[in-house]
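Report on the following structure.
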Amino acid sequence: MELDIKDLHVATVDGKEIVKGVNLKVKSGEFHVIMGPNGSGKTTLAKAIMGHPGFKITKGNIFVDGKSITSLTPDKRAKLGLFLQFQNPVEIEGVGFVNFLRAARESITDNTVDIKQFMGEVRSYTEKLAITNGIVGRTLNHGFSGGEKKKGEILQMAVLRPAISILDEPDSGLDIDAIKVVASNVNDIMKDHGMGAIVITHYSRILSYMKPQRVHVMHDGKIVAEGGKELILKLEKDGYESVIKDKE
Amino acid sequence: MKQYNSMSTEALELVNTLPEEQNELYKKHFVPIPLDRFIKEIKTGENPHEVEELRELSNVLDKKLGVKSDILIGSTVTVSQNRTKHVKVINLKDVTEDHLLGKMHNSNEDRLVAFMHAYSRHFVFIEVPEGETAHVNLLFANIDAPLTAQVLINVGRGATLDLFEWNASKTKSQSLLGVMHEIRLESHSKADVNIVHNEDNNTWLLNHTKGKLNDNSVLNANYVYNGGCNSRAKNEFDAFGYSANSRIIEMIMGSREQKFDINTVITNTGEGTVSDLESKASGSNNSGSILKGFANVGDNARNSKSFVNERGLLLDKSAYIISIPGMSINNANVKATHSSATAPVDEDSMFYMMSRGTDAITAKRLLVAGFFAGSIAKISNPLVREVASSLMCEKINTGTFGNIPKLDTSALWIGHSYGGDMFEGHYKYRDRKMVIE
């Protein structure tokens, strides 16, 4: 699968432009990182790719395998193989986590889930992600700690097996051990299923456990710098200002 | 019967106008039932074809949902399928004052009751003697004529009743289904009363329940309002005995221009009593619901607790849900709360769920199921939970009501955050031996 974002401009429904011409191409199996200071448009870009109704594309296009997806609803984009790990997953009281995940898996695969096998898979990922309180029997993100929410998102990603995942700050709010667990699981899923990933993050810590191939720096709705892992080291050393100034 | 009939003319007028209601919002939105029109259509003779229709309905209900009805009550006939010593059905022409003595309320103020008394066609008596346990399944169906009936329940000291009532219809034109319940719980008795409404779109529903609870008795009354074009319910529960406990759950699922007017009063008369009313409504497709819950705490209800909790979930912009919680507290030493909230489906929740691949209908079904999940989980009878889930799924998936849906328990599979025995007796649990830890 190839995700191709061309000259993308995204605005809020009341007309405020946030993403101002982003170009990005990601294939399954590739590992990209988007870094940037607060308010640079990273999360808006992620939500726009997934089709959030609160944003409109004012210019440009998003292609999956050569076909525009901008008119597709989020569920159809997910069925194509896209996945968004939310920075702040919504809490939905009363909706069982596993029940929801089963419905999502059935929708994506167009097949009825074998419950026994499915539960085994969920339990296995629950253990791998060290979700000590378990997931079975709990409602969707409701009453989850910050760490459990992040791990719950990775669990969903593992079970739904997307072709390309956008991980929006998978490390925020996690302690050092949890960051290692999340990074290791993302690495495994990429390796096992050939998944491509776009990791959005402010900090380089999680990236020390991962092997990104391409790093993009966003500022004021645009990608202002691109490079390899060396760019992360530069950002770590000199901060975003240095990269933004270089561009200016 | 004369004493009841004497009030009927006045009652008929008042059922449409209800001047005793003071709340302006309620007066503006209540659902009037054109009883004068339906009264003329109440049949006095028996239509033998109804027996076949009732049996067929009962068979489908059993086959699809596993509900085995003991007594079938149609517009003009009744059928006893399973003999149960606790139930007796008497036709209007055979009922005498002795049958009704002490079992019916007869208050000049209660004109709706008076009306129902005057025009009831069938009388179902459920008597559970002291210390005994009874399970009773009733099927009501108005078949091309109005059905008016009363269910008079008396649960003896220390006795237990589990009642399941399915209300259906088979009509070609507009009709009425009116059922009144009078429930008396003697001391230390317990009753689970589960009433499911799934009438067709021609049916106007008039429901009335009056419950009286003696010392240490427990009433769990669960109502599922899913069918009917226009529904009007007036329910009153009085915990008058020491430490009596009533818990009322109302679930209303509105669609396709259905109107629901659910007016419930819980009263704590006795000391140490608990009354808990939980009303939830979801609405779509030009439906409208009015939830009027009222807690009444009497002078002598020391150390009592009252809760009125009303919630609404709007699935689209065409529907409305009006909730009017109220309280009257006449004793200082009590705990009482009331709350109300109605909101549209959360856009971010929909986006989150759809971003995982679930289509909009599935996402809404899960959200509605989640909305009702806490209430459904409180219902102790697993059959009722499954029925409620099946009706809910059918309505969201197809937009229809009035037919017997296929068993769909997907909405129930939520785990044990609402109690470890959520799956006990569950089809999925039983059939697949899946233990959800």
Run A:GLY15 past the list (1) free of Cβ contacts under 8 Å to residues at least 12 places away in the same chain; (2) in a strand (DSSP E or B) and report the number of the one that doesn't hold.
(2)
From the list A:ILE135, A:ILE206, A:ILE166, pick out the single residue that is surrounded by 15 or more Cβ atoms within 10 Å (Cβ to Cβ), within 14 Å of chain B (Cβ to nearest Cβ) and farther than 22 Å from A:GLU93 by Cβ.
A:ILE166
Looking at segment A:141-157, which of the residues that are of a type in the set (Gly, Ala, Ser) and more than 12 Å from chain B (Cβ to nearest Cβ) is surrounded by the most Cβ atoms within 10 Å (Cβ to Cβ)?
A:GLY147
Considering only segment B:217-235, I want to know if a residue exists there that is over 26 Å from B:ILE321 (Cβ atoms) and surrounded by fewer than 24 Cβ atoms within 10 Å (Cβ to Cβ).
yes
Of the residues that sit in segment A:72-89 and are in a loop (DSSP other than H, G, I, E, B), facing another protein chain (nearest Cβ under 8 Å) and in contact (Cβ under 8 Å) with a residue 60 or more places away in the chain, which one is surrounded by the fewest Cβ atoms within 10 Å (Cβ to Cβ)?
A:PRO89
Condition check for B:ALA141: aliphatic (A, V, I, L, M) and in contact with a helix residue (DSSP H, G or I) (Cβ under 6 Å, 6 or more places away or on another chain):
yes
Hey, among B:THR267, B:THR273, which residue is β-branched (Val, Ile, Thr), surrounded by 24 or more Cβ atoms within 10 Å (Cβ to Cβ), touching a Ser or Thr at 6+ places or on another chain (Cβ under 6 Å) and more than 16 Å from B:TYR225 (Cβ to Cβ)?
B:THR273
The correct count of residues that are under 26 Å from B:VAL368 (Cβ atoms) and among the hydroxyl-bearing types (Ser, Thr, Tyr) in segment A:116-161 is 1
Just give me the residues in segment B:370-391 being within 30 Å of B:GLU56 (Cα to Cα) and within 12 Å of another protein chain (Cβ to nearest Cβ), in sequence order.
B:ILE376, B:SER389
Confirm whether B:ASP316 is surrounded by fewer than 21 Cβ atoms within 10 Å (Cβ to Cβ), at pLDDT 90 or above, under 30 Å from A:ILE108 (Cβ atoms) and within 14 Å of another protein chain (Cβ to nearest Cβ).
no
Considering only segment B:296-310, state which residues are within 19 Å of the chain's Cα centre (by Cα) and either over 20 Å from B:GLU24 (Cα atoms) or surrounded by fewer than 21 Cβ atoms within 10 Å (Cβ to Cβ) (or both).
B:PHE307, B:ASN309
Is it true that some residue in segment A:39-60 is surrounded by fewer than 21 Cβ atoms within 10 Å (Cβ to Cβ), within 8 Å of chain B (Cβ to nearest Cβ) and out of contact with any strand residue (DSSP E or B) (no Cβ under 6 Å at 6 or more places or on another chain)?
yes
Which condition number does A:LYS234 fail, the rest of (1) touching a residue at least 12 places away in the same chain (Cβ under 8 Å); (2) buried (at least 16 other Cβ atoms within 10 Å of the Cβ); (3) part of a helix (DSSP H, G or I) being met?
(1)
Selection count, segment A:90-106, where residues are at the interface with another protein chain (Cβ under 7 Å from one of its Cβ atoms) and farther than 20 Å from B:SER389 by Cα
1
Could you check, for segment B:333-352, whether at least one of its residues is part of a loop (DSSP other than H, G, I, E, B), facing chain A (nearest Cβ under 8 Å) and touching a helix residue (DSSP H, G or I) at 6+ places or on another chain (Cβ under 9 Å)?
yes
Going by what's in this entry, would B:GLU53 be described as touching a strand residue (DSSP E or B) at 6+ places or on another chain (Cβ under 6 Å), in the same structural domain as B:PRO325 (by TED's automatic domain parsing) and either modelled with pLDDT of 85 or more or at positive phi (or both)?
yes
Report the residue count in segment B:23-57 for those that are outside any helix (DSSP H, G or I) and of a type in the set (Val, Ile, Thr).
4
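The values are calculated or read from the model by the stated rules, or taken from the named source; none is laboratory data. Remember, predicted model here, so these are calculated numbers, not experimental data. Don't worry about glycine lacking a Cβ; one is built from the backbone with ideal geometry, like all the others, and counts go over all protein chains shown.
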